[in-house]
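Student: Let me begin by handing over the structure; questions about it come next.
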Amino acid sequence: MAFHDPEESFVLDMTIQRKLDSLKEQNIKKNTSKIYRFNPNFISDYKGYTLGMSNNEIDRLHVFRSGNKWVNSAKEFQEVTLISDSLLRLIAPLFQFPEWTLQAKVERKRSRDKSGEIKREYKDLNLATAEELKSIYGVGDKLSLRIVKFRNSLGGFLVNDQLYDVYGLKEEVVHKILDKFRIKEVPVIKKININTATLEEIAQLIYIDYTLAKQIVAYRDSMGIIGSFDELTKIEEFPLDKIQRIELYLSL
């Protein structure tokens, strides 16, 4: 009696395969449709999972970011994580990079000579004095002092686009500042553990006022533990537009 190998008689039904691929794509779209636009540099394990990324893809991003490096475009994100073209097409519309990155790309293009090297040199934004900042058109005595005071209250800027958070500093003036000043050395800060910090410690963060700190503590007490930064967005009146900034100063 002759025996047949089941694998030899298996024929892939391409119609069924296409339907499965379509259902998978629809599922990913369903999951991503509920997610706010975000800076992909701050993707957590949980958020990466909801986006359809594999553990290896998420780990590649975290290893890259651990070296204080940043992805500034969807293309760079794919180069770092090695996600597929199909997944990139689905999640790239959700990416929100700082506005200065677009300006920086234009500047790099203009500043490259025939050899492809970048000529421009920037001064360190974290070392700039009020007098040096006043050299920027649109920055006077009050704004220059306000920038320095805001920077000092943070312990130093961690990302360049924190300049947009300085009260009264217009977007076009920020562009002019970043044309001459950039962060050259990221300061080392002690992050606040959101699960163990006291109300007063959380309220010390410049992006969180006392009322919001109380809401965070109340939420933490009711849940037992905060497992991801995404949970913070469930808190009423939480500043969703500041979640990426706040994550810079917190740990779980």
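The values are calculated or read from the model by the stated rules, or taken from the named source; none is laboratory data. These figures come from a predicted structure and were not determined experimentally. Because the Cβ atoms are built from the backbone with ideal geometry, glycine has one as well, and the counts that use them run over all protein chains shown.
Student: Specify the residue that is modelled with the highest pLDDT; the eligible residues are those in the range 46-71 that are within 30 Å of residue 177 (Cα to Cα) and crowded, with 18+ Cβ neighbours inside 10 Å.
Tutor: For the range 46-71, the residue satisfying everything is 61.
Student: Any idea how many residues of the range 47-96 are of a type outside the set (Gly, Ala, Ser) and in contact with a strand residue (DSSP E or B) (Cβ under 8 Å, 6 or more places away or on another chain)?
Tutor: 5
Student: I would also like to ask the following. If you go through the range 226-252, how many residues are closer than 17 Å to residue 191 by Cα and not in a helix (DSSP H, G or I)?
Tutor: Count: 8.
Student: Only one residue in 168, 227, 140 is at positive phi and either β-branched (Val, Ile, Thr) or out of contact with any His (no Cβ under 7 Å at 6 or more places or on another chain) (or both). Which one?
Tutor: Of 168, 227, 140, the one residue that is at positive phi and either β-branched (Val, Ile, Thr) or out of contact with any His (no Cβ under 7 Å at 6 or more places or on another chain) (or both) is 168.
Student: Of all residues being in contact with an Asp or Glu (Cβ under 9 Å, 6 or more places away or on another chain) and of a type in the set (A, V, I, L, M, F, W, C) in the range 65-79, which is nearest to residue 184 (Cα to Cα)? Just the residue, please.
Tutor: Among those residues, the one meeting the criterion is 70.
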